2 protein chains.
Amino acid sequence: MGSKVGEFRKKLKIVDVKGGPNEGLDRVGLMIVVAGWVRTLRAQSSVTFIEVNDGSCLSNMQCVMTSDAEGYDQVKSGLITTGASIWIQGNVVPSQGSKQKVELKVNKIVLVGKSDPSYPIQKKRVSREFLRTKAHLRPRTNTFGAVARVRNALAYATHKFFQENGFIWISSPIITASDCEGAGEQFCVTTLIPSSREAAESPVDAIPKTKDGLIDWSQDFFEKPAFLTVSGQLNAETYATALSNVYTFGPTFRAENSNTSRHLAEFWMIEPELAFADLKDDMACATAYLQYVVRYILDNCKEDMDFFNTWIEKGIIDRLSTVAERDFVQLSYTDAIELLIKAKKKFEFLVKWGCDLQSEHERYLTEEAFGGCPVIVSDYPKEIKAFYMRQNDDGRTVAAMDMLVPRIGELIGGSQREERLEYLEGRLDELKLNRDSYWWYLDLRHYGSGLVFILIKVTNFLNC
Amino acid sequence: MGSKVGEFRKKLKIVDVKGGPNEGLDRVGLMIVVAGWVRTLRAQSSVTFIEVNDGSCLSNMQCVMTSDAEGYDQVKSGLITTGASIWIQGNVVPSQGSKQKVELKVNKIVLVGKSDPSYPIQKKRVSREFLRTKAHLRPRTNTFGAVARVRNALAYATHKFFQENGFIWISSPIITASDCEGAGEQFCVTTLIPSSREAAESPVDAIPKTKDGLIDWSQDFFEKPAFLTVSGQLNAETYATALSNVYTFGPTFRAENSNTSRHLAEFWMIEPELAFADLKDDMACATAYLQYVVRYILDNCKEDMDFFNTWIEKGIIDRLSTVAERDFVQLSYTDAIELLIKAKKKFEFLVKWGCDLQSEHERYLTEEAFGGCPVIVSDYPKEIKAFYMRQNDDGRTVAAMDMLVPRIGELIGGSQREERLEYLEGRLDELKLNRDSYWWYLDLRHYGSGLVFILIKVTNFLNC
């Protein structure tokens, strides 16, 4: 890294002190500086305890201070309160308390930024609805801090997995003039409406129009209608037919007004594309990916996962361990439907061959039918899947798969692509999609692309 | 990784064979399978040479085939042509030619997808303007393949650098109801205009309006005007005041009609935020980051960088080596202006204290005044910088810095944030920005945030 990096790391992070295998005991005797935010402050007659957190880990550093410490007057006069940011220099000593192995005996304290007594994030538990009104401060809570760290670990593990397996990250364009799949409502992107401060008061008449009264797109930024793409996958295929294995990892936008906790207008999605691969490779890759990232957070975010297990969702660690270790169940859509029909459970939505699986069906399969083991369902009816998925020989199903996991349902979807031009064009026609809009996609089949592709679309994963 | 990963890696990538220190000689004698696209095919009387590329590296695999190979009839009958995708099984043998150390003696060839004779990417050099019309096929050229691989390496090195230094990746929201900096034109995001296929023919009158003729935002997706953010940095600060060091790395959108090669409507940007840091830490971090990623591509993308050095820009490796190794020059804006005024060079734009540095000035400093060494200019006049930058004691400059590099000019910009509420409010007022719009940002100064921040904004880097 070079010595320069050291300059902005003069301080130690709390995780650097307490994050080791013996929770900081190897640091005893060291004089260190930490900087962070006061979580609690308890003044006793001869000694003051300050819990400081710097977000590097869930744990606070307990700082113990007597009246001989430099800066003690600021504590005594009540200047340092919950929420304040402070610098503390002290010696790492074994802790008297049972809640931690080490604590900091303070030599010097500096108030960096004081906190108004109205600081709303106190030690007691508060509702997430309340925290939504304090969105700019909620990253300082245990829950939001832990979510941020685990989300970071998942994102990094995602890059590590694909990079270590020879995939090349590409960023497919987000603003697009065409749509993908013919599915998914898109947001329009325009400068015909003036910038934010004037927009609210903007008359409809101010939007440029042609003599026929149509929106005059020639005056828009791109001189034609432009949208936020709902998927970069078709675009990613142009790279997969050149670089073999690629992946996208970026934000995606859907203008769908489905008020579920699993569908967002803006979310980050991972879209790998493998060349010279089939549906079996697709399932193997999706399984390896999921097991890799789950194992990664179990190994690297232990403290945060323990926190979730205790306070947010009991059993989460066991459930994830199952995902990381078990062989996934694999069955066809047709078998899954049969299993659901025979189930002794009452479903809200009727089950019959041809229907899309609802969350209740997906969860029944993974949670009840197969006891918490992830299940991969494959070979769906072509009518409920996208045009680019490869038709199976039975004439009614396509080489698509969905990976279902307990408590969530579908987590990953993928398919083998239709490499046969005549089948692809046939599906476009059946779905009344315009061949001309897809000329470049069809063109890939003209030039050495009778190869088999897969897509794994990991949606919403990082938002779960 | 577990054994499952192996299943989708049955084939070897060409880089796995030829990418080692002895360019594949350690693989001699192995029977392998590669899959890729035909770059050239030369049939001689008794032997046929096929160059295959799979995008894993710049190098092709030379495949040598005689009439006893399985599948030879497809070659003989002309079915396998440039652009076709093929699977080849063969033995790695020392190459007879001087262009590579090893080649593949073919046992079996399978045509996966044939290529139409109209395939437009032939071996001869073609212009980038021509390739723009074949955007779906250009990733198969040497130049675009090399750019994709180097860009991937830069992105991964970016994550590695920040992760190894304890930064947490966050994704700040892209769709926003407020604007940042009061600078940068924004795109409006709306569903008031119907989806792509109907948009082109959509009448202005179809846009919902209030009884006063204003756009009726209550009928839009978010029930108010929404935009693509021009920066996530203010948002990232809410995480920096909780987690200490964070970074964003995602797409950014600017509706600025500046037709330069350095300003794009859509680009990926890195925005790190450091807590408890000052401008000096900012410069150290920016320097360490840049040197890390440059060193990373010099070490890991040698073949592609050699290609650029030979065919795209002679001297690029030397120039980047200078960036990776030299101590950067550091001088104040005031000194830079003095130096420019004294320069014997005629500039198109007049230089005087208070002016923004133009590209020609930036390049003079780094290329001529300091002989190709990167230069960090700091402490700019507050009038030409954003409201959130910390005012220096001189009352006229702010703690901002720009890093200038040869041939590009400004590559990274950063600043120490104004932590004093009264100064921050004063600047908002001077710039006629609405305090109410920034209530949550100002609020961060109320609650333990009198700490010093920095921002490094690495714009356009990955697009260079």
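Any chance region B:51-67 includes a residue that's in contact with a Leu (Cβ under 7 Å, 6 or more places away or on another chain) and over 17 Å from B:K108 (Cα atoms)? Within region B:51-67, one or more residues are in contact with a Leu (Cβ under 7 Å, 6 or more places away or on another chain) and over 17 Å from B:K108 (Cα atoms).
Only one of the listed residues (A:A286, A:A255, A:A277, A:A265) is modelled with pLDDT of 90 or more and either over 22 Å from B:I170 (Cα atoms) or at the interface with chain B (Cβ under 9 Å from one of its Cβ atoms) (or both). That residue is A:A286.
Scanning region A:197-223 for residues that are within 7 Å of chain B (Cβ to nearest Cβ), more than 30 Å from B:Y438 (Cα to Cα) and either under 37 Å from the mean Cα position of the chain (by Cα) or not in a loop (DSSP other than H, G, I, E, B) (or both) turns up A:D205, A:K209, A:L214, A:I215, A:W217.
Surrounded by 19 or more Cβ atoms within 10 Å (Cβ to Cβ), in contact with a Phe, Trp or Tyr (Cβ under 8 Å, 6 or more places away or on another chain), of a type in the set (G, A, S) and in the same structural domain as A:R319 (by the TED database): is that true of A:A400 in this structure?
yes
Selection over region A:274-325 of residues that are over 16 Å from A:I408 (Cβ atoms) and in contact with a Cys (Cβ under 9 Å, 6 or more places away or on another chain) gives a count of 4.
Within region B:299-320, can one find any residue that is touching a residue at least 40 places away in the same chain (Cβ under 8 Å) and either closer than 21 Å to B:V375 by Cβ or in contact with an Asp or Glu (Cβ under 7 Å, 6 or more places away or on another chain) (or both)? Yes: region B:299-320 contains one or more residues that are touching a residue at least 40 places away in the same chain (Cβ under 8 Å) and either closer than 21 Å to B:V375 by Cβ or in contact with an Asp or Glu (Cβ under 7 Å, 6 or more places away or on another chain) (or both). Looking at region B:390-409, which of its residues are modelled with pLDDT under 95 and assigned to a loop (DSSP other than H, G, I, E, B)? The answer is B:R390, B:G395, B:P406, B:R407, B:I408. Going by what's in this entry, would A:Y380 be described as in contact (Cβ under 8 Å) with a residue 24 or more places away in the chain, crowded, with 17+ Cβ neighbours inside 10 Å and away from every other protein chain (no Cβ under 14 Å)? Judged against the criteria, A:Y380 is a match.
When the residues of region A:116-136 are filtered to those that are hydrophobic (A, V, I, L, M, F, W, C) and either assigned to a loop (DSSP other than H, G, I, E, B) or on the phi > 0 side of the Ramachandran plot (or both), the one that is farthest from the other protein chains (Cβ to nearest Cβ) is A:V126.
Filtered by the rule that a residue be in contact with a helix residue (DSSP H, G or I) (Cβ under 9 Å, 6 or more places away or on another chain), within 14 Å of chain B (Cβ to nearest Cβ) and assigned to a helix (DSSP H, G or I), region A:299-324 gives A:N300, A:D304, A:V323, A:A324.
Note on region A:412-434: residues that are of a type outside the set (A, V, I, L, M, F, W, C), over 32 Å from the mean Cα position of the chain (by Cα) and farther than 11 Å from A:K385 by Cβ amount to 9.
Counting only strands (runs of 3 or more DSSP E) that sit completely within region A:1-108, those holding 2 or more residues that are in contact (Cβ under 8 Å) with a residue 60 or more places away in the chain correspond to A:31-43, A:85-94.
All told, B:P139 meets the bar of being under 35 Å from the mean Cα position of the chain (by Cα) and either at negative phi or surrounded by 22 or more Cβ atoms within 10 Å (Cβ to Cβ) (or both). Of all residue pairs spaced 6 or more apart or on separate chains, those with beta-carbon atoms under 7 Å, a first member in region B:112-131 that is in contact (Cβ under 8 Å) with a residue 40 or more places away in the chain and closer than 26 Å to B:Q89 by Cβ and a second member that is part of a strand (DSSP E or B) and of a type in the set (S, T, N, Q) are B:V112/B:S85; B:K123/B:T40.
The values are calculated or read from the model by the stated rules, or taken from the named source; none is laboratory data. Keep in mind that what you see is a predicted model, and the values were worked out from it rather than measured. In this analysis, Cβ positions are derived from the backbone assuming ideal geometry, glycine residues included, and neighbour counts consider all displayed protein chains.
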